[in-house]
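Here is the structure we will look at.
The values are calculated or read from the model by the stated rules, or taken from the named source; none is laboratory data. All values derive from a computational prediction rather than experimental measurement. FYI the Cβ positions are ideal-geometry reconstructions off the backbone, even for glycines, and counts take in every protein chain you see. Remember, those area values only see protein heavy atoms, side chains included, never the ligands or the DNA or RNA. Shrake-Rupley method; radii C 1.70, N 1.55, O 1.52, S 1.80 Å.
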Amino acid sequence: MNTRIALVTGANQGIGFQVAKELAGKGMKVLLGSRDKKRGETAAKEIGNGTVAIQLDVTDRQSIADASASIQKQFGRLDVLVNNAGISNTRMQKLGLSMHEYMASTRASLTSIDEMRVVWDTNVFGVLAVYQAMLPLLRESKDARIVNVSSTLGSLSLNSDPNSGYSSFYNPVYAASKTALNGITLSMMLELKDTTIKVNLVSPGFTKSALTNFEGFESLEDGAREVVRVAALGPEGATGTFTTWDNVPVPW
């Protein structure tokens, strides 16, 4: 009963996998969320430490409801929710584009509305849907924390600065989806401000993963470490923050 129960979405690969691995190493009971149950089971087996794969597609309401019901039946509560599942695009690899080539095709006047809907379905609506389904389980915890994995690319303050190096990468597909996620997270923070449930935003940085077509600069370990640090904070740990490693504030 003293073991913390943590759900990490999109955890069969990339940063999510690394976060799940490190939280399990810290003694948490990790529920590894994966759209593909078999891939999730393979990842959970690799991590070990009692990690359990759970089928969870954040764009599928029934999948989310089933995951919530399963956690309720097995554990009766949830202590940590890491909303990590996310996608950056649907066309870059199909068209064989580099990150810079793809970014040039996503300016507001050119961007694909269909692609934007798919990305936002995961990065924005999926996070809110998981939050709504898991909130009753988080309320059963004495020390609950929600960590939403965002991006510095979603910062309006940085991107509105003409001298910022981020503004050239700001587009309506991925970057703006993270801005929207930040807004959704703020609404969670405001809703839960008078409760014991903590809510934090984290930017993992430009990590080498499938999300960035492996063109990032940072390792998975580097990308995961702020997420892990915040997820492992105790009841006295900060809430309402937006940080990157190591506890460096990111302007909203």
- Solvent-accessible area per residue for the chain at a 1.4 Å probe radius, Å²? 47
- Task: Determine how large the accessible area of Trp245 is when every protein chain is in place; take a 1.4 Å probe and give Å² rounded to the nearest 10.
- Result: 100
- Give me the distance in nm between label points sitting 7 Å out from Cα along the Cα-to-Cβ direction at Asp194 and Gln74, one decimal. 3.5
- Pop out the carbon and sulfur fraction of the accessible area of the chain as a percent, whole number, probe 1.4 Å. 53
- Task: Run the numbers on the chain and let me know its relative contact order in percent, using alpha-carbon pairs under 8 Å that are six or more apart.
- Result: 19
- Query: Can you name the helices of the chain, as whole DSSP H runs, whose Cα span along the helix axis is 24 Å or more and whose Kyte-Doolittle mean is not below 0.5?
  - Reply: 174-191
- Task: Report the label-to-label distance for Lys45 and Gln62 in nanometres (one decimal), using points 7 Å from each Cα along the Cα→Cβ vector.
- Result: 2.7
- Note on the structure: Any residue on another chain or 5+ positions along whose placed amide H is under 5 Å from the amide H of Val250 is listed here as Phe242, Thr243, Thr244
- Task: Sticking with the crude label model, points 7 Å out along Cα→Cβ, report the distance from Arg107 to Leu156 in nm, one decimal please.
- Result: 2.4
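Arranged from highest to lowest average of other beta-carbon atoms within 10 Å per residue, in what order do the peptides 151-159, 27-35 appear?
Ranked from most to least packed, the peptides come out as 27-35, 151-159.
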- Item | Highest-MSF residue in the chain out of Val130, Val80, Val52 [GNM, Cα springs under 10 Å] | Val52
- Item | the stretch 1-107 - charge dipole about Cα centre, Lys and Arg +1 at Cβ, Asp and Glu -1, debye rounded to 20 | 60
- Query: Using unit Cβ charges (K, R positive; D, E negative) and no other charged atoms, how large, in debye to the nearest 20, is the dipole of the chain about its Cα centre?
  - Reply: 520
- Query: (1) 23.3, 94; (2) 19.0, 64; (3) 17.2, 54: which one is Rg and Dmax of the Cα atoms in Å as calculated from this entry?
  - Reply: (3)
- Message: Can you order the peptides 61-68, 90-97 by their average number of other Cβ atoms within 10 Å per residue, highest first?
- Response: 61-68, 90-97
